[in-house]
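To keep things clear, I will list the structure first and then write my remarks on it.
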Amino acid sequence: MAVIRPSGIYDVNYEQDMALVRTPALKVAAAICAVIFFALPLFSRDSPLGLEIVPLPLLGTLNRIGITLISVQGLNILLGYTGQVSLGQAAFMAVGAYTSTILTTHVGIPFWFALPMAALTAGVVGLIFGLPSLRIKGFYLAMATLAAQFIIPWLLKNPLAQWTGGASGMEVPLPTLGRWVFNTDQSMFYVIMIPVAVMMLAAKNITRTRLGRALIAVRDNDLAAEVLGINLFTYKLRAFFLCAVFAGVAGSLSAHYTRSISPDGFDLLDSVWQLGMLIVGGAGYAVGPIFGTALIRLLREFATFITPAMRELLPGTLPFVDVASVDRALGPLFFAVVLMLFLVFEPRGLAYRWEILKAAWRLRPFAH
């Protein structure tokens, strides 16, 4: 979609053309929103200000959204920008989670150094599973990446059990900085959201570089891109590497946030959830993962909230439904319904509708 500038705003140099925030008013608004967002923990219970405006469960939900958002943004680079499908994103998160945990537990490396090393390790594993992308694509590539969801957990449970704790998993140490221990939702908010901001900016800027333009060319027409001199294999592997790096960061943060990990905590269903979040939000848009992750995560929280009531209501109304089925199926049921509705009525996702609304606002009062 073409970028429509507000009336009276013109590009006179390259820096203006590439600016993320165009007008002084938008810069002030963005700064105010950032300050308010990062100040949220200060207005929660047990904060230095002594205020209880922001409930702790909300901070926990935001932390989980932030972790998942990083991984979904990595999947957006692979699927949205490059057109390559992956069903192994949760497995790459497992690589990042276990790498960070092993380095902090067995080697004694601080979390702040283990985090980038976990990202690089996951990226290398992503390169390995991205090798088939030269010969196959579409459904067949999805099946090839699906192998990661079986191979990586098997490695963690069996050959690497001495380091990973096998099927029982591992306890994960808390992040520390000097004498500060990040052991609450308030403190972990900053540990999580700072990497979220960095990774979101990195993902946005990838599309504005030669690498990003090459990835988009591969997505739109790989044969034409190859004729233009783009090495398909190299750029597809770069996309897999970046996708897995983002997943590795998310896995490391998830491990130190939940404080325990196991191979079964990164299963195929998690990869499917992340793929659905990207579809709902809008693949190929920088803000798509934000919309999709927030919506689906909030739906999961809503499903958890109403589960006790449904546990009493549904078995009495529908005799073939038992209590255990309600506990297991309510969240996936909401997810399936929302995903089908978006595939039918809004296949380009929420981000596409957001771009339409922005364009209409900038054209006011001449919207027609």
Checklist entry - Taking 1 over the mean of 1/r across every pair of different Cα atoms in region 58-297, what Kirkwood radius in Å do you get? => result 17.7 Å
Next on the checklist: Can you compute the charge dipole magnitude of the chain about its Cα centre, using +1 on each Lys and Arg Cβ and -1 on each Asp and Glu Cβ, nothing else charged? Give it in debye, rounded to the nearest 20.
Outcome noted: 840 debye
Item to check | the chain: DSSP helices with Cα axial extent of at least 27 Å and average Kyte-Doolittle hydropathy no lower than 1.0 | outcome: 56-75, 111-130, 185-206, 232-258, 323-345
Checklist entry - Do any trypsin sites (Lys or Arg not before Pro) in region 83-188 lie in a DSSP loop with no more than 14 other beta carbon atoms within 10 Å, and if so, which? => result ARG135, ARG179
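Compute the signed sum of charges (Lys and Arg +1, Asp and Glu -1) over the other residues within less than 14 Å, Cβ to Cβ, of TYR235.
+3
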Checklist entry - What percentages, rounded to whole numbers, describe P(r) for region 137-202 computed over all alpha carbon pairs with 5 Å bin width beginning at zero? => result 4, 13, 12, 11, 10, 20, 19, 8, 3, 1, 0
Checklist entry - What dipole magnitude, in Debye to the nearest 20, does region 22-150 give about its Cα centre under +1 on Lys/Arg Cβ and -1 on Asp/Glu Cβ? => result 380 debye
Checklist entry - When Lys and Arg each count +1 and Asp and Glu each count -1, what net charge do the other residues less than 14 Å away from ALA144, Cβ to Cβ, add up to? => result +3
Item to check | For the chain: relative contact order, % (alpha-carbon pairs under 8 angstrom, 6 or more apart) | outcome: 25 percent
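Where a number appears in this text, it was derived from the coordinates with a stated rule and is not lab data. Everything numeric in this text was worked out from a predicted model, so none of it was measured. Please note: Cβ atoms are built from the backbone with ideal geometry, for glycine as well, and neighbour counts cover all protein chains shown.
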